[in-house]
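Engineer: Once you've had a glance at the structure underneath, I'll fire off some questions.
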Amino acid sequence: MDRSRNRSLTLRIGLFFAITVVAIGIGYLFLRPSDELPVYHPNQLDQRLVDPAVKGAKGEHHISGFNLIDQFGGHYTLNDVGERIIVADFFFTTCATICPKMTVQMERVQEAYKDEDLLMLLSHSVTPEIDSVPVLAAYAKLHNADPERWRFLTGDRKQIYALARQSYFAAMDEGDGGPDDFVHTENFVLVDPQRRIRGFYDGTSVKDVDRLIADIAKLLKEVKGA
């Protein structure tokens with residue numbers, strides 16, 4: 001009788017531990033951090049970043065097409081980017097504060113993925129009237145920009161400012177892109193090949209750019225289906 005009771009107790013204990021192990025395993029699967037990056041929509045963001053023209057927009061947000069001029073003097077469009085991941089920023093060559101730090105950090109991103117054909121860095125000048133093609137070409141050379149990986153863009157001021165505010169949500173201030181308007185932002189923005197925003201980063205922060213570099217690896221894994 002005691003032997004039967006002991007056997008029953010042993011079975012119960014074994015069953016309890018088996019259930020516990022299974023429950024822990026299932027819980028881990030549900031609670032472990034996901035490697036998939038979020039997809040950002042206007043209603044999920046700090047509303048100070050969302051231009052009034054885009055507030056209340058429904059459906060999936062995608063960055064808009066553009067037609068700008070690169071450091072070689074040629075037209076550069078979203079079609080030229082192709083199905084690549086984008087890291088975008090907004091800068092100006094005469095900036096003496098945050099832009100030099102941002103450009104150095106963008107160099108780090110380029111170096112981290114110097115052999116990756118699926119990544120394109122786009123640096124948009126917010127003073128296109130100053131940052132002519134020769135100026136951008138010299139700046140790109142100074143910062144070792146590989147034209148296959150990193151384009152510096154100038155051109156229509158209103159178009160660039162609309163991209164900053166209505167496509168990339170890179171700037172908190174409002175404006176119309178006119179002569180008295182000015183965008184000055186440290187944000188780097190990560191965009192997937194479907195033109196959806198997947199991350200925001202402080203381009204002056206080594207730590208945050210380290211996070212960007214890690215997130216690019218995650219997005220590349222997603223894009224390649226690895």
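The values are calculated or read from the model by the stated rules, or taken from the named source; none is laboratory data. Please read all numbers here as calculations on a predicted model, not as lab measurements. Glycine also receives a Cβ, built like all others from the backbone with ideal geometry; neighbour counts cover every protein chain displayed.
Engineer: Taking into account only those residues within region 151-176 that are of a type in the set (Asp, Glu) and either modelled with pLDDT under 85 or crowded, with 16+ Cβ neighbours inside 10 Å (or both), which is farthest from the chain's Cα centre (by Cα)?
Structural biologist: Let us first name the residues in region 151-176 that are of a type in the set (Asp, Glu), namely 156, 173-174, 176.
Now narrow it down to the ones that are either modelled with pLDDT under 85 or crowded, with 16+ Cβ neighbours inside 10 Å (or both): 173-174, 176.
On the way: Asp173: 20, Glu174: 21, Asp176: 24 Å.
If we take residues in region 151-176 being of a type in the set (Asp, Glu) and either modelled with pLDDT under 85 or crowded, with 16+ Cβ neighbours inside 10 Å (or both), then Asp176 is farthest from the chain's Cα centre (by Cα).
Engineer: Name the residue, out of Pro100, Pro179, Pro147, that is part of a loop (DSSP other than H, G, I, E, B), over 27 Å from Lys55 (Cα atoms) and either at pLDDT 95 or above or not acidic (Asp, Glu) (or both).
Structural biologist: Working: Pro100 fails: part of a loop (DSSP other than H, G, I, E, B); Pro179 fails: over 27 Å from Lys55 (Cα atoms).
None of the others qualify; the one that does is Pro147.
Engineer: Which of the residues belonging to region 78-119 are closer than 18 Å to Asp192 by Cβ and hydroxyl-bearing (Ser, Thr, Tyr)?
Structural biologist: Tyr113
Engineer: So, Asp89, is that one more than 20 Å from the chain's Cα centre (by Cα), modelled with pLDDT of 95 or more and among the acidic types (Asp, Glu) or not? Even if it seems obvious, please write down each step before you answer.
Structural biologist: Numbers: more than 20 Å from the chain's Cα centre (by Cα): no; modelled with pLDDT of 95 or more: yes; among the acidic types (Asp, Glu): yes.
No: the conditions fail for Asp89.
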